[in-house]
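Taking it in order: structure first as structure tokens, then the write-up.
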Amino acid sequence: MYAHQVKTHSDKTNDSEKFAHKKSLGQNFLTSNVVPNWMCEAAEVQNGEIILEIGPGTGMLTETLLKKGAKVIAVEADDRAISKLEETFAKEIGNQQLTIHHGDIRELTPEKLHLEDKKFKVVANIPYYLSGFLLRTLLENPIQPSNLTFLIQKELAERIARDKKESLLSLSVKVFGDPVYKKTVSRGHFHPQPKVDSAILSIYNINSKNFNNLSQNLFFSTLHLG
């Protein structure tokens with residue numbers, strides 16, 4: 001049996017502010033549940049769905065996902081954060097609503113996490129430096145999420161979903177799904193505060209239908225040449 005320590009919203013906010021972030025991991029923790037609620041709305045999270053969360057940190061988004069009734073598979077590289085998550089969500093871990101994997105998301109692929117094609121969603125507040133890598137690998141993988149919602153740097157979200165001039169990045173995303181700029185999130189919602197604002201980007205209708213008669217390697221090689 002796990003002992004469950006109940007924490008209030010103010011307790012979790014305090015955790016985010018006290019938890020010493022690791023600059024090497026690009027950690028900027030959310031300090032209120034308003035942004036996680038926006039993200040869950042953007043991702044259209046439903047009761048019983050499987051959600052892959054990348055870098056849960058102190059668990060602000062995790063808590064909201066669990067309250068929505070989702071089954072959360074979380075990947076966290078920081079062992080200090082894992083200890084905090086195991087303490088805070090002992091009940092949910094005990095009833096298998098939450099599973100935590102200690103490792104690097106660049107190595108823990110959907111296959112290794114035993115996820116099934118189109119039977120999970122990705123919802124995550126990710127480090128800025130991993131944005132391009134995660135968008136590419138999650139969309140190009142044979143095992144794809146049904147939709148994906150990231151909290152990323154505002155300028156990057158605009159380039160993907162709002163810029164009238166297409167780029168290598170925007171085309172690389174749009175060939176797999178429909179990106180939508182959902183909401184701007186000011187830097188004041190994080191601790192420590194990043195130097196730029198963020199945005200919620202959702203990608204809907206993810207699929208590989210455009211590659212039924214086309215090689216992905218040929219497509220991306222042509223894009224790079226262009």
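The values are calculated or read from the model by the stated rules, or taken from the named source; none is laboratory data. Because the structure is a prediction, the values reported are computed rather than measured. Note: ideal-geometry Cβ built from the backbone for every residue, glycine included; neighbour counts use all protein chains shown.
Condition check ((1) under 24 Å from P142 (Cβ atoms); (2) of a type in the set (G, A, S); (3) free of Cβ contacts under 8 Å to residues at least 40 places away in the same chain; (4) in contact with a helix residue (DSSP H, G or I) (Cβ under 6 Å, 6 or more places away or on another chain)) across all residues:
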{"residue": "L30", "(1), (2), (3), (4)": "no, no, no, yes"}
{"residue": "V35", "(1), (2), (3), (4)": "no, no, no, yes"}
{"residue": "G55", "(1), (2), (3), (4)": "yes, yes, no, no"}
{"residue": "E63", "(1), (2), (3), (4)": "no, no, no, no"}
{"residue": "K67", "(1), (2), (3), (4)": "no, no, yes, no"}
{"residue": "K84", "(1), (2), (3), (4)": "no, no, no, no"}
{"residue": "R106", "(1), (2), (3), (4)": "yes, no, yes, no"}
{"residue": "H114", "(1), (2), (3), (4)": "yes, no, yes, no"}
Review point. Among the candidates L130, L135, which residue alone is touching a Phe, Trp or Tyr at 6+ places or on another chain (Cβ under 8 Å), part of a helix (DSSP H, G or I) and closer than 28 Å to D117 by Cβ?
Key: L135
Exercise for review: Answer with yes or no whether K118 is without any contact (Cβ under 8 Å) to a residue 12 or more places away in the chain and either within 13 Å of the chain's Cα centre (by Cα) or not in a strand (DSSP E or B) (or both).
Suggested key: no
Study note, to complete from the structure: How many residues of the stretch 172-204 are more than 23 Å from V35 (Cα to Cα) and not small (G, A, S)? The answer is 4
Point to revise | Per-region count, the stretch 30-84, residues among the β-branched types (V, I, T), more than 22 Å from L108 (Cα to Cα), touching a Leu at 6+ places or on another chain (Cβ under 8 Å) and not in a loop (DSSP other than H, G, I, E, B) | key: 1
Practice item. For the stretch 106-127, name all the residues that are more than 20 Å from A70 (Cα to Cα) and crowded, with 16+ Cβ neighbours inside 10 Å. Key: L108, P127
Point to revise | Qualifying residues in the stretch 155-176 (those that are out of contact with any helix residue (DSSP H, G or I) (no Cβ under 7 Å at 6 or more places or on another chain) and modelled with pLDDT of 95 or more) - the one farthest from F211 (Cα to Cα) | key: E155
Review point. In this structure, is A161 of a type outside the set (S, T, N, Q), without any contact (Cβ under 8 Å) to a residue 60 or more places away in the chain, crowded, with 19+ Cβ neighbours inside 10 Å and within 22 Å of F190 (Cα to Cα)?
Key: no
Exercise for review: Output the helices (runs of 4 or more DSSP H) that fall wholly within the stretch 146-226 and possess 1 or more residues being closer than 20 Å to L52 by Cβ, or say none.
Suggested key: 154-161, 168-174
